[in-house]
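**Q** Take a look at this one; I'll ask things after.
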Amino acid sequence: MVSELLSFSNRSVLPASTIRRDDLFAALKFIRFEAQMGDAALFGLPAWAPLVIIPAAFGIMTLRFVLHFFFELFTILKPAFYQEHEIEK
């Protein structure tokens, strides 16, 4: 069970979700700065409006990595849980 927890896929998902979360917060900060500048983009839109896609994408990636991490964790721990609570027949 410990070797499964330390497998390559499980080690890479949690740091990836942390990095995407940090990217999400940086993108939100960038958009806030763009909104404070008050510049206009194409067709008179505020400059920050087209940039909203950036934190949205990072948010979706963060959610995907976090859900994948918990799915893998529960998949690994589920057999051990059932073995501990097995009902005598």
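**Q** Taking the stated definitions as given, is Ala16 in contact with a helix residue (DSSP H, G or I) (Cβ under 6 Å, 6 or more places away or on another chain) and either modelled with pLDDT under 90 or of a type in the set (S, T, N, Q) (or both)?
**A** Yes, satisfied.
**Q** Scan the stretch 14-40 and report the pairs whose first residue is without any contact (Cβ under 8 Å) to a residue 40 or more places away in the chain and whose second residue is part of a helix (DSSP H, G or I) and among the small types (Gly, Ala, Ser), with Cβ atoms within less than 8 Å and a gap of 6+ or a chain change.
**A** Close Cβ pairs satisfying both conditions: Leu24/Gly59.
**Q** Could you check how many residues of the stretch 27-71 are surrounded by fewer than 14 Cβ atoms within 10 Å (Cβ to Cβ) and within 11 Å of Ser17 (Cα to Cα)?
**A** Residues meeting the conditions: 2.
**Q** I'm trying to understand the selection: among the residues of the stretch 35-78, which are assigned to a helix (DSSP H, G or I) and touching a strand residue (DSSP E or B) at 6+ places or on another chain (Cβ under 8 Å)?
**A** Step one: of the stretch 35-78, the residues assigned to a helix (DSSP H, G or I) are 35-37, 42-44, 50-78.
Ala35 - this is the single residue of the stretch 35-78 that is assigned to a helix (DSSP H, G or I) and touching a strand residue (DSSP E or B) at 6+ places or on another chain (Cβ under 8 Å).
The values are calculated or read from the model by the stated rules, or taken from the named source; none is laboratory data. Being a predicted model, the structure only gives us computed values, none of them experimental. Quick reminder, even Gly has a Cβ in these numbers, built from the backbone with ideal geometry, and neighbours come from all protein chains shown.
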